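Before any comments, here is the structure.
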Amino acid sequence: GGHTELSENVWCRPVPYLRAVPDYDDDSPHFSWTKTANVASVEQALAKCGKGVGSLLAVNTLNRGVSPRVRLLLVTGSERSVFITGEDARRVFGLPSSCFNVGPGSDSHVFAGRGYGHGLGMSQWGAKKLAELGYTASEILSYYYKDVTLNQF
């Protein structure tokens with residue numbers, strides 16, 4: 001989706017070598033995507049994971065990471081409101097990544113996003129692009145994994 005994420009924004013704890021970096025994954029078939037989910041399916045998915053809200057009224061992004069993946073959503077319904085992390089939203093709604101925007105349709109919600117996966121570590125499409133640009137394997141690994149030492153065994 002154009003940028004990796006900080007580990008603490010996905011796993012809620014810092015991992016020193018998993019820092020956010022710009023990515024070169026524009027050629028990925030998942031670079032940008034759209035998913036439309038009817039309101040009933042969103043309500044059912046929320047109820048199934050224990051976050052039912054009744055009749056869905058709104059889905060609002062409250063916080064984003066540096067990538068800019070969603071860190072926290074507020075889902076408002078007729079019975080209650082719940083907070084959902086971006087990673088939980090990715091799993092619950094079957095989204096390719098947590099880097100998305102969401103907006104209401106007539107009887108649906110439209111998720112439009114970028115990237116695939118959790119956004120941590122090395123992007124395979126980004127690594128492919130860096131290799132095509134002449135980066136060595138160790139340079140690519142050092143780009144995605146910060147302050148690590150590569151040893152040959």
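The values are calculated or read from the model by the stated rules, or taken from the named source; none is laboratory data. The model shown is predicted, which means the values in this text are computed figures rather than measured ones. Cβ coordinates were reconstructed from backbone atoms using ideal geometry, including for glycine residues, and neighbour counts include every protein chain displayed. Side chains included, ligands, DNA and RNA excluded: accessible areas come from the protein's heavy atoms. Shrake-Rupley method; radii C 1.70, N 1.55, O 1.52, S 1.80 Å.
What number goes with the only condition from (1) exposed (fewer than 15 other Cβ atoms within 10 Å of the Cβ); (2) under 18 Å from Ser7 (Cβ atoms) that Asp107 does not pass?
(2)
Scanning the stretch 19-54 for residues that are open to solvent by 50 Å² or more (accessible area, probe 1.4 Å) and assigned to a strand (DSSP E or B), which turns out farthest from Gly94 (Cα to Cα)?
Checked the stretch 19-54; the qualifying residue farthest from Gly94 (Cα to Cα) is Pro22.
Please go through the stretch 77-87 and give me each residue that is part of a strand (DSSP E or B) and either touching a helix residue (DSSP H, G or I) at 6+ places or on another chain (Cβ under 8 Å) or under 18 Å from Thr4 (Cα atoms) (or both), ordered by number.
Gly77, Val82, Ile84, Thr85, listed by residue number.
Within the stretch 61-76, how many residues turn out to be more than 11 Å from Leu6 (Cα to Cα), in contact with a Gly (Cβ under 9 Å, 6 or more places away or on another chain) and of a type in the set (Ser, Thr, Tyr)?
Qualifying residue count for the region: 1.
Among (1) open to solvent by less than 40 Å² (accessible area, probe 1.4 Å); (2) hydroxyl-bearing (Ser, Thr, Tyr); (3) under 12 Å from the mean Cα position of the chain (by Cα), which single condition is Thr85 missing?
Single failed check for Thr85: (1).
Among the residues of the stretch 90-104, is any open to solvent by less than 10 Å² (accessible area, probe 1.4 Å), in contact (Cβ under 8 Å) with a residue 24 or more places away in the chain and more than 19 Å from Trp33 (Cα to Cα)?
No; the residues of the stretch 90-104 include none that is open to solvent by less than 10 Å² (accessible area, probe 1.4 Å), in contact (Cβ under 8 Å) with a residue 24 or more places away in the chain and more than 19 Å from Trp33 (Cα to Cα).
Can you tell me how many residues within the stretch 89-107 are farther than 16 Å from Glu43 by Cβ and touching a strand residue (DSSP E or B) at 6+ places or on another chain (Cβ under 8 Å)?
9
If I filter the stretch 1-18 down to residues being out of contact with any strand residue (DSSP E or B) (no Cβ under 7 Å at 6 or more places or on another chain) and in a helix (DSSP H, G or I), which single residue comes out as least open to solvent (accessible area, probe 1.4 Å)?
Ser7
Do you know which of the residues in the stretch 88-134 that are assigned to a strand (DSSP E or B), modelled with pLDDT of 95 or more and under 9 Å from the mean Cα position of the chain (by Cα) is farthest from Leu56 (Cα to Cα)?
Arg114
Could you tell me which residue of the stretch 60-73 is surrounded by the fewest Cβ atoms within 10 Å (Cβ to Cβ), considering only residues that are touching a Phe, Trp or Tyr at 6+ places or on another chain (Cβ under 9 Å) and part of a strand (DSSP E or B)?
The selected residue is Leu62.
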